[in-house]
1. Which residues, taken from region 139-184, are among the basic types (Lys, Arg) and part of a loop (DSSP other than H, G, I, E, B)?
2. Out of all the residues in region 18-36, which are in contact with a Phe, Trp or Tyr (Cβ under 7 Å, 6 or more places away or on another chain) and either among the aromatic types (Phe, Trp, Tyr) or modelled with pLDDT of 95 or more (or both)?
3. Could you tell me which residue of region 91-136 is nearest to Arg166 (Cα to Cα), considering only residues that are among the hydroxyl-bearing types (Ser, Thr, Tyr) and modelled with pLDDT under 95?
4. Of the residues in region 139-182, how many are surrounded by fewer than 17 Cβ atoms within 10 Å (Cβ to Cβ) and over 19 Å from Asp85 (Cβ atoms)?
Amino acid sequence: MAIVISMLRGVNVGGHNRIKMDALRALYESMRLRDPQTYVQSGNVVFRTEERDLVLLAKRIQNGIERSFGFRPEVILRAASELRDVIARNPFANRRGIDPSKLLVSFLARDPGPEARDKVLKIKSDPDELRIDGRELYVYFPNGMARPKLSWPAVERALKTPGTGRNWNSVTKLLEMAEGLEALESGRKAC
């Protein structure tokens, strides 16, 4: 069984698209997604599934949320192994003085391709720093995320694919939760 992390875009932000996390867990369970665990109120769910097609699974989850809650957020999925890779590829990891609370990873629905990546990297964002690798955009905000110089609308127009951002602390916590489910799965197999 695969361990998957699901991240919903724009849930419980500014009083819009509200979902209680217990209701979200119940929805995932009703869709035969096992052991769903949520993290914070922004629609992060870690679960086990036999489904291998994550694109199809994301659409199923979107449909379920739309039926249950009346809106259709973007659903971005990553397998636990992919999230481990995201952490390993952090382009700021070996640089001194990086504050993890000022690092954001935007998880993209699709690889935007070389042309879009080039356009994003040409966006003026000083002092904020952008790095893109595959389906992840890493952004470091040295002055904090409250007043970024980076224009998110310009980034989204250049990428031409939806995404959802998570701060570094959330990314590492989601992996920790996924590894807990992996350990549970391994224990079940050993019995």
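1. Result: Arg147, Lys149, Lys160.
2. Here is the first cut: in region 18-36, the ones in contact with a Phe, Trp or Tyr (Cβ under 7 Å, 6 or more places away or on another chain) are 19, 28, 33-36.
Matches in region 18-36: Tyr28, Leu33, Arg34, Asp35, Pro36.
3. Within region 91-136, the subset among the hydroxyl-bearing types (Ser, Thr, Tyr) is 101, 106, 125.
With the extra rule that they be modelled with pLDDT under 95, the set shrinks to 101, 125.
Details: Ser101: 10, Ser125: 19 Å.
Of everything passing the filter in region 91-136, Ser101 is nearest to Arg166 (Cα to Cα).
4. Here the count works out to 15.
The values are calculated or read from the model by the stated rules, or taken from the named source; none is laboratory data. Values in this document were obtained by computation on a predicted structure and should not be read as measured data. Reconstructed Cβ throughout: ideal geometry from the backbone, glycine too, with neighbour counts over all protein chains shown.
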